[in-house]
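Contents: one structure, followed by commentary.
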Amino acid sequence: MRAFTHFRTRYAETDAMGVIHHATYPVWFEMGRSDFMRELGVPYAEVEARGYYLMLSGLNVKYRAAARYDQELTLTTRVSEVRSRACIFVYELRRGDTLIATGETQHICTDKAYRPARMPDDILVALGDAAGGG
């Protein structure tokens, strides 16, 4: 399963060189992850309401081309790996056919006290199925 997030870049996201600031990309990844979880039928707000966090434990971004103000971009988000207490999301950002950036975030499931925890079975199954492992 893949989620597609379409958006237009904002002026506040640019740097002094007129390109989108590098720190903006992880924010967009979070936007894509939230859309992915909603499309999966397990909104992240529901995960938290049930007493769990998918805490960020790693982040990688590879910048391929510059994005600038007021461009229409499409972020593709998918889950690539799922374990009982962790998962990995991967991202591909494009402007039309041009690849702008790729990325990956690693997440550990914790309880509200930030202790590692096993994901609830329904979430584990949904993510596993989306990754092609179920």
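The values are calculated or read from the model by the stated rules, or taken from the named source; none is laboratory data. Everything numeric in this text was worked out from a predicted model, so none of it was measured. Neighbour counts run over all protein chains shown; Cβ positions are idealised from the backbone, glycine included.
Quick grid of which residues meet (1) closer than 24 Å to Ala67 by Cα; (2) touching a Lys or Arg at 6+ places or on another chain (Cβ under 8 Å); (3) touching a residue at least 40 places away in the same chain (Cβ under 8 Å):
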position	(1), (2), (3)
Arg78	yes, yes, yes
Ala86	no, no, no
Glu92	yes, no, no
Arg95	yes, no, no
Ile100	yes, yes, no
Gln106	no, no, yes
Pro116	no, yes, no
Ile123	no, no, yes
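Residue pairs whose Cβ atoms lie under 7 Å apart, separated by 6 or more positions or on different chains, with the first residue in the stretch 35-56 and at positive phi and the second modelled with pLDDT of 95 or more, are Gly41/Ala126; Gly51/Asp111; Gly51/Lys112. The single residue among Leu59, Leu54, Leu93, Leu75 that is touching a Gly at 6+ places or on another chain (Cβ under 7 Å) and not in a loop (DSSP other than H, G, I, E, B) turns out to be Leu75. Going through the stretch 100-125 one residue at a time, which ones are hydrophobic (A, V, I, L, M, F, W, C), under 18 Å from Met37 (Cα atoms) and surrounded by 17 or more Cβ atoms within 10 Å (Cβ to Cβ)? Result: Ile108, Cys109, Met119, Ile123, Leu124. When you check Phe36 against the structure, is it aromatic (Phe, Trp, Tyr), crowded, with 17+ Cβ neighbours inside 10 Å and within 12 Å of the chain's Cα centre (by Cα), yes or no? Spelling it out, Phe36 is indeed aromatic (Phe, Trp, Tyr), crowded, with 17+ Cβ neighbours inside 10 Å and within 12 Å of the chain's Cα centre (by Cα).
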